[in-house]
Structure formats: structure tokens, C-alpha cells
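Every number here is computed from the coordinates shown, using simple stated rules; none is lab data. All of these numbers come straight from a predicted model, not from anything done at the bench. Note that we place each Cβ from the backbone using ideal geometry, even for glycine, and neighbour counts take in every protein chain shown.
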Amino acid sequence: MPKLTGQCLCGGVSFSADGDVAFQANCHCTDCRQTTGATFATLLFMQKSDVEVSGEVKSFSHTVDSGNVLTKHFCPNCGSQVFGTGAKRPEMISLRAGCINEQEHVKPQINIFSGSKMNCTVMDPDLPAPERMPG
Ligand SMILES: [Zn+2]
Ligand SMILES: [Zn+2]
């Protein structure tokens, strides 16, 4: 049994993941807000080799301030963004938490880019909230 499973809105793209989640973050950066259409994105970072994706995805790459090139992968039919990758750490993948079925495994540990969060977004005061990406 895979630990995590998920799918896009139409079901054309799905994933199953087995392995440790390295890092979970709510990201409030403008890119995540625009790409998800939500007020922030919750991302689960894992080893790419632990995740199996089925279905055809379309991808969009963009360069961020740090110089890293990030790629969003989404369903070409319904437009749901299912996961992301980055050129700096090509061995990692970040699953979009909203697509995940096993909600009990979704526990963000940090709010990143809190400096660009929307005014209406309420953050858990018990979590660290750096203004930018730490490290
Ligand atoms: Zn879809
Ligand atoms: Zn972000």
C-alpha cells in the first residue's frame, strides 16, 4: 500500500508515493498563489524516486529570484497542478497537498514566504514563519 495517493480534478493524472516526506511547508509566495489560484500552497517534498506518477502532465518552467528554475506539472485536461520540481534539487519532487487523499499525512511544519502572504490568510502561530525561504 502506498503511503500517499492523489489525483487531479478529472482523475487523468494520479500519483502514489511511498517513502519519507522530507519537508512539508505552506508557501505563501506570489508564484504559489498564482499557480494554485489559492491563497497559499501546501507542499510535501519527497524523493522523486519514491513517487510514481501516472497520466500525462504538462509542465511550465519559470526562473525565481534565487536563480533556481522551478517547474510546475499539471493536468492538461483539467488544469490541476499536481506536483512541482526544481533544477537545484532535481532528485526532489513536491506534491501539492490539496490533491492528496491521505489527509492524516498532511501536517505542514512551517509557513514560508510569510512576507508575501495575503492579508486574509490566517497562519498557525505555533509554526515558524520566515519571510522568505530558509537556507
Ligand atoms: Zn485532470
Ligand atoms: Zn511558493
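For segment 119-135, a residue qualifies if it is more than 18 Å from the chain's Cα centre (by Cα) and within 12 Å of ligand 2 (Cβ to nearest atom), but none of them does.
Tell me, please, whether a residue that is crowded, with 17+ Cβ neighbours inside 10 Å, closer than 30 Å to Gly115 by Cα and aromatic (Phe, Trp, Tyr) can be found in segment 9-29. No. Being free of Cβ contacts under 8 Å to residues at least 12 places away in the same chain, under 24 Å from Gln7 (Cα atoms) and out of contact with any Leu (no Cβ under 8 Å at 6 or more places or on another chain), is that true of even one residue in segment 24-46? Within segment 24-46, one or more residues are free of Cβ contacts under 8 Å to residues at least 12 places away in the same chain, under 24 Å from Gln7 (Cα atoms) and out of contact with any Leu (no Cβ under 8 Å at 6 or more places or on another chain).
Any idea which residue in segment 101-135 is farthest from Gly6 (Cα to Cα), counting only those that are of a type in the set (S, T, N, Q) and assigned to a loop (DSSP other than H, G, I, E, B)? Restricting to residues being of a type in the set (S, T, N, Q) and assigned to a loop (DSSP other than H, G, I, E, B), the top hit is Asn119.
In this structure, is Asp65 closer than 26 Å to Arg132 by Cβ and part of a loop (DSSP other than H, G, I, E, B)? Break it down into steps so the answer makes sense when it comes.
Working: closer than 26 Å to Arg132 by Cβ: yes; part of a loop (DSSP other than H, G, I, E, B): yes.
In short, yes.
Restrict the check to segment 65-76 and report whether at least one residue is surrounded by fewer than 20 Cβ atoms within 10 Å (Cβ to Cβ), of a type in the set (S, T, N, Q) and either free of Cβ contacts under 8 Å to residues at least 12 places away in the same chain or away from ligand 2 (no atom under 14 Å from the Cβ) (or both). No, segment 65-76 contains no residue that is surrounded by fewer than 20 Cβ atoms within 10 Å (Cβ to Cβ), of a type in the set (S, T, N, Q) and either free of Cβ contacts under 8 Å to residues at least 12 places away in the same chain or away from ligand 2 (no atom under 14 Å from the Cβ) (or both).
Given the options Ser94, Ser116, Ser80, name the one that is away from ligand 2 (no atom under 16 Å from the Cβ) and under 14 Å from Thr35 (Cβ atoms). Spell out how you get there, then give the answer.
Numbers: Ser94 fails: away from ligand 2 (no atom under 16 Å from the Cβ); Ser116 fails: away from ligand 2 (no atom under 16 Å from the Cβ).
Sole residue among the options that is away from ligand 2 (no atom under 16 Å from the Cβ) and under 14 Å from Thr35 (Cβ atoms): Ser80.
Checking each residue in segment 3-34 for being within 16 Å of ligand 1 (Cβ to nearest atom) and not in a strand (DSSP E or B) picks out Cys8, Leu9, Cys10, Gly11, Gly12, Val13.
Considering only segment 55-78, state which residues are of a type outside the set (Val, Ile, Thr) and away from ligand 1 (no atom under 12 Å from the Cβ).
From segment 55-78, those of a type outside the set (Val, Ile, Thr) are 55-56, 58-62, 65-68, 70, 72-78; that's our starting set.
Ser59, Phe60, Ser61, His62, Asp65, Ser66, Gly67, Asn68, Leu70, Lys72, listed by residue number.
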